[in-house]
Amino acid sequence: MGTQYVETTGIGEPLQRIHAEESDVLSALCREIYAQYYLHLWHDNGVWYQQMRYDPAVLASELTDSQSEFYWVNHEDRNVGYLKLNRNTRPDPATLPVNKSGLEIERIYLHKASTGLGLGYRAMAWAEDRARQLGRNILFLYTMDSSDARFFYEKLGYVKSGNKRLSFEKMKPEYRGMYLMIKELR
């Protein structure tokens, strides 16, 4: 299958769509990036979570879900991260007003070596543009309350709008807190 791009409305080069036949490549990237940031969260160093989330068959299934979209974040002709969007999810608890339509940023992962280059900003701006294309007026995401990423999202205009706790037994309790962050699009 050839490379497909989603047109955007003025933020520059679009992100490249990831396809199901690339699930092995995505799996390897997910595990590599996950090890850079998240192993300390788990009693088992994240083995269980990575098997559950990043197995190539699991990712292939997610990549064929018509309600999810995966995109490569590329730098200097190398995939250094990815973005996952969900079209038909609502925050838990459902905190959006009835007249608001949201798009979820489920994952935005970047190699540590690729941070500070503006790639996260570019991917987030691209996600805003994609939300507008889909007729959405809200972008939302969950971020760990122990993660500095929340400050990045706040700089981009996201507002803490709720919280939840993860129920993963293998995760250390002090890391189970999540903030719901919402950005209204103009």
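Taken together, the values in this text are just the output of simple stated rules run on the coordinates, not laboratory data. All figures in this text were calculated on a predicted structure; none of them were measured in a lab. All Cβ positions, even for glycine, are placed from backbone atoms using ideal geometry, and neighbour counts span all protein chains on display.
Summary of values
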| quantity | calculated |
| --- | --- |
| Label-to-label distance, nm, for residues given as LYS172 and SER66 (7 Å Cα→Cβ offset) | 4.4 nm |
| Radius, Kirkwood style, for the range 111-186 when every pair of distinct Cα atoms is counted (Å) | 13.7 Å |
| Spread of Cα-to-Cα distances over 5 Å intervals beginning at zero, given as percent, for the chain | 1, 7, 15, 20, 22, 19, 11, 4, 1 |
| Leading residue at positive end of dipole, the chain (Cβ point charges), from GLN50, SER167, LEU15 | SER167 |
| Formal net charge of residues neighbouring SER114 (Cβ-Cβ distance under 12 Å; K, R +1; D, E -1) | +1 |
| Segment LYS164-HIS19, extension gain: residue separation times 0.36 nm, minus the distance between their alpha carbons | 49.1 nm |
| Label point distance in nm, GLU154-GLU184, each placed 7 Å from Cα along Cα→Cβ | 2.0 nm |
| Listed pairs LYS112/LYS172; LYS155/LYS183; LYS84/LYS170 exceeding 18 Å between Cα atoms | LYS112/LYS172; LYS84/LYS170 |
| Coil-residue GluC sites (Glu not before Pro) of the range 14-112, DSSP, other Cβ within 10 Å capped at 13 | GLU76 |
| Spin-label model distance (nm) - ASN88 vs VAL58, 7 Å beyond Cα toward Cβ | 2.3 nm |
| Spatial separation of Cα centroids for the range 36-72 and the range 127-175, in angstrom | 17 Å |
| Within a Gaussian network of the chain (alpha carbon springs, distance under 10 Å), most fluctuating of ALA57, ALA35, ALA149 | ALA149 |
| Charge context of LEU139, other residues only, Cβ under 10 angstrom, K/R +1, D/E -1 | +1 |
